[in-house]
Amino acid sequence: MAEEKRPVDIGGQAVLEGVMMKGPEAIAIAVRRDNGDIVVSRETYEPLSKKHPWMGKPFIRGAVSFITMLGQGMKVLDKSSQMLGVTEEEPTKFEKWLAAKLGKGVDKVVMGVAMVLAVALSLGLFVLLPNVPTRLLTEAGWSPLGVNLMSGLIRTVLLIAYIWAVGKVPDMRRTFQYHGSEHKTVYCHEAGLPLTPANAQKFSTLHPRCGTSFILITFILSIILYTTIDYIILALTGFNLSSNYLVKVLSRILLLPLVTGVSYEALKGLAHSETKVCRMLRWPGLQLQRLTTRQPTDEMCEVAIASMNAALNGLPEGTKTPEGWVILPKAA
């Protein structure tokens, strides 16, 4: 008997009042407006690995995916807000000034500034701040392993605290519910069941390929990789990176593509294996998702399913907006 083909991996992201699903050839977004209608958009894309095959190689594809998702994530959030109709307000004088100076549309300027600020915040919280005590610990006689363990612990505590604080915002709690609906719908697709809210609700909100798990895996593997490299540099040159804050921070930023590449392969491997060891290794990431997902309503699952269907099969039939989005009226 021929081996049953595993369904293609579908990625996703919770957005404002909706869900984005990324299929092999298209990205779809579905949001629910205040009147109950679901608005669906779809945009085809060509993976960079098709244009440049080397970008699809193991350990390289993870770094490429990480970088592209940073920009794509911001674009998806901006588009979802447009689909909801919440970005029609008049631009501020500062936004108009920026657009005039840079020669770009206000939305592109704001999105660019927001992306820069998001990256700066991430680097500040998870690279600069955790490495502040490294020199003091080194001077106190700590080994590179001990220093990196402490840095990793600080980084992980900051991550958990940040996610917990964000989850206290009412709008974010709804977004976390949509995050849960995304996972349930992906599970339903992977199980080969008809995509219905009832079927989707049978599954967990915790999924092994979630970006939350990827972040935690990155943090854990960074301790191992940074420590190994620190020891290699110490052995070859006699220089202890932890003795110089700026050099250590710069090394962490330069090594980030390597860390994300290795972490991506680890995430894929753990997600697609059901051995006892792999289940144990992915357990911490699944538990962290309890902070980033919530139990969704059937209506939220309906939105996630609309996005999944559009990503895999194309836009549904329905009234189209001037932008080309399809409106699915609220069920009577």
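Note on region 249-332: Cα Rg divided by 2.2 N^0.38 Å, N the number of residues, gives 1.68. Once Rg/Rh (Cα atoms, Kirkwood Rh) is worked out from the coordinates, which option in (i) 0.95; (ii) 1.03; (iii) 1.00 does it equal? Among (i) 0.95; (ii) 1.03; (iii) 1.00, the one calculated here is (iii).
Positive end of the dipole of the chain (Cβ unit charges, origin at the Cα centre): among 123, 287, 324, the Cα lying farthest that way belongs to 123. Around the Cα centre of the chain, unit charges on the Cβ atoms of Lys, Arg, Asp and Glu (plus for the first two, minus for the last two) sum to a dipole of about 680 debye.
If a spin label sat at a point 7 angstrom from the Cα of residue 198 along the line to its beta carbon, the backbone N atoms of region 285-300 nearer than 16 Å would be those of 298-299. The distance separating the Cα centre of region 152-199 from that of region 292-314 comes to 12 Å.
In this label model, residue 297 and residue 74 are separated by 3.3 nm, measuring between points 7 Å along each Cα→Cβ vector. Beyond 19 Å in Cα-Cα separation lie the following of the pairs 79/202; 22/202; 202/330; 57/268; 168/202: 79/202; 22/202; 202/330; 168/202.
With a cut-off of 14 Å on the backbone N, the residues of region 134-173 near the modelled label site 7 Å out from residue 245 along Cα-Cβ are 134-139.
Quote the charge dipole size of region 8-53 about the Cα centre in Debye, to the nearest 20; the model charges only the Cβ of Lys and Arg (+1) and of Asp and Glu (-1). Before the final figure, lay out the partial values.
Numbers: 6 positive and 7 negative charges, 27 e Å.
For region 8-53, the charge dipole is close to 140 debye.
Given their separation in residues at 0.36 nm each and the Cα-Cα distance between them, residue 231 and residue 50 gain 61.4 nm when the chain is fully extended. Over the chain, Cα pairs under 8 Å with separation of 6+ residues give a relative contact order of 30 percent.
Helix hunt in the chain: which complete DSSP H runs extend at least 30 Å axially by C-alpha with mean Kyte-Doolittle at least 1.0? Before the final figure, lay out each step's value.
On the way: long enough: 60-84 (36 Å, 0.48); 144-166 (33 Å, 1.59); 170-190 (31 Å, -1.52); 211-237 (37 Å, 1.88).
Flagged H segments are 144-166, 211-237.
Candidates 52, 40, 238 compared by Cα position along the dipole of the chain: farthest toward the positive end lies 238, with charges placed on Cβ.
Think of the chain as a dipole: +1 on every Lys or Arg Cβ, -1 on every Asp or Glu Cβ, centred on the Cα centre; then among 169, 140, 69, 140 lies furthest on the positive end.
How much net charge surrounds residue 58 when only other residues with a Cβ under 10 Å from its Cβ are counted (Lys, Arg +1; Asp, Glu -1)? Don't skip to the answer; put the middle values down first.
Details: positive: 57, 61, 268; negative: 265.
Residues close to residue 58 contribute a combined charge of +2.
Here the contact order of region 127-249, divided by its residue count and restricted to Cα pairs under 8 Å and six or more residues apart, works out to 37 percent. Compared with the alpha-carbon gap, the fully stretched path from residue 132 to residue 265 is longer by 44.9 nm at 0.36 nm per residue. For the chain, modelled as a GNM whose springs connect Cα atoms under 10 angstrom apart, the maximal fluctuation among 118, 235, 271 occurs at 235. The slack between residue 43 and residue 280, meaning 0.36 nm per residue of separation minus the straight C-alpha distance, is 81.6 nm.
Read-outs: derived from the displayed coordinates by stated rules, not from any lab. Quick caveat: nothing in here was measured; it's all calculated off a predicted structure. All Cβ positions, even for glycine, are placed from backbone atoms using ideal geometry, and neighbour counts span all protein chains on display.
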